[in-house]
Amino acid sequence: MLSIRTVELRGKRIEITDAKRAAILEEMPEIAWIQDEVLRTGVTDAWVAAIHSSSLKRIGDMKPSGNYDPKPMKSASQADHMRSVTRLAVKIAEEMTSLFPAMKVNRDLLIAGCLCHDIGKVWEFDPENVRRWRAEPRKTGKPSLRHPGYGIHICLTMGLPEEVAHMAAAHSGEGELLIRSLENTILHWADYTFWMVVDAGGQLDDEDAWLEGELAARSGRPAP
């Protein structure tokens, strides 16, 4: 049993309990692959804080797409995406280090960064935010922040290592403006491979009724 932790994220006081941690681990069991206990708990707690600072109830409530506006996947969830990217990244690391023994990949940081790379989507994909941005795109932007930007905020606020914050910040297009770490380079290509194969395999839905219908039904709120 871990201690109850109270944190503040974007003005909200969030109590992190074992029950909330268990809910995150149920959606992303690969967190248990992280051997370092402090890092493992940090990743779990960061996700608890991220979800409970939004209008979402669980990771799976987020639209399952790369950005908030493209068409969603037909069946998999956002948690499935991060889990799959993590497994792909670990396999890439294992293959490359078997060929190049001098290449040193920090496995714990790789797993932690992969599992947290899209943590900022709790902001970009929050339906309350998306509705605001659609209504007044010139007020704060559309979106006001992409998920890599908000991911930095969550990771650093929650005390995750700089290396993990870097992976949240620069796994996507933003990373073209800097030099990616080795672990982030592996994540970047695992992430892009995931979405390209999903698209090529015909696993994106033909229609996108996520905000207007399905998400409203899931959350119990009336559709706008």
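Annotations
- Shape call, region 1-128: gyration tensor on alpha carbons, a/c limit 1.5: oblate
- Net dipole in debye of region 5-218 [+1 Lys, Arg Cβ; -1 Asp, Glu Cβ; about Cα centre; nearest 20]: 540 debye
- Long-range lysine pairs (8 or more apart or interchain), region 5-218, Cα under 12 Å: 4
- The chain, relative contact order [Cα under 8 Å, separation at least 6], %: 21 percent
- Net length available on complete extension from ASP208 to THR17 is 65.3 nm, with 0.36 nm assigned per residue and the Cα-Cα distance removed.
- Residues MET62, MET96, MET73, sorted so that the one with the fewest Cβ neighbours within 10 Å comes first: MET96, MET73, MET62
- Here VAL164, VAL7 are placed in order of increasing Cβ neighbour count within 10 Å, fewest first, which gives VAL7, VAL164.
- Within the shell of other residues whose beta carbon sits under 15 angstrom from the beta carbon of ARG146, the net charge comes to -4, with Lys and Arg scored +1 and Asp and Glu -1.
- Sorted by Cβ density within 10 Å, fewest first, the residues LEU25, LEU178: LEU178, LEU25
- Here region 54-106 is treated with +1 on each Lys and Arg Cβ and -1 on each Asp and Glu Cβ, and its dipole about the Cα centre works out to around 180 debye.
- What the Cβ-Cβ distance of LYS142 and LEU177 gives, at R0 = 22 Å and to the nearest 0.05, is a FRET efficiency of 0.55.
- Using only Cα coordinates, the Kirkwood hydrodynamic radius of region 5-218 works out to 17.6 Å.
- Helix-only [θ]222 nm of the chain, DSSP H runs n ≥ 4, -39500 (n - 2.57) each, per residue, nearest 500: -16000 deg cm²/dmol
- Sorting 134-145, 48-59, 105-116 by their mean Cβ neighbour count within 10 Å, with the most densely packed peptide first, gives 105-116, 48-59, 134-145.
We did not get these values from a lab; they are worked out from the coordinates using the rules stated. Owing to the predicted nature of the structure, the values given are computational and were not obtained by experimental measurement. Backbone-built Cβ (ideal geometry, glycine too); neighbour counts: all protein chains shown.
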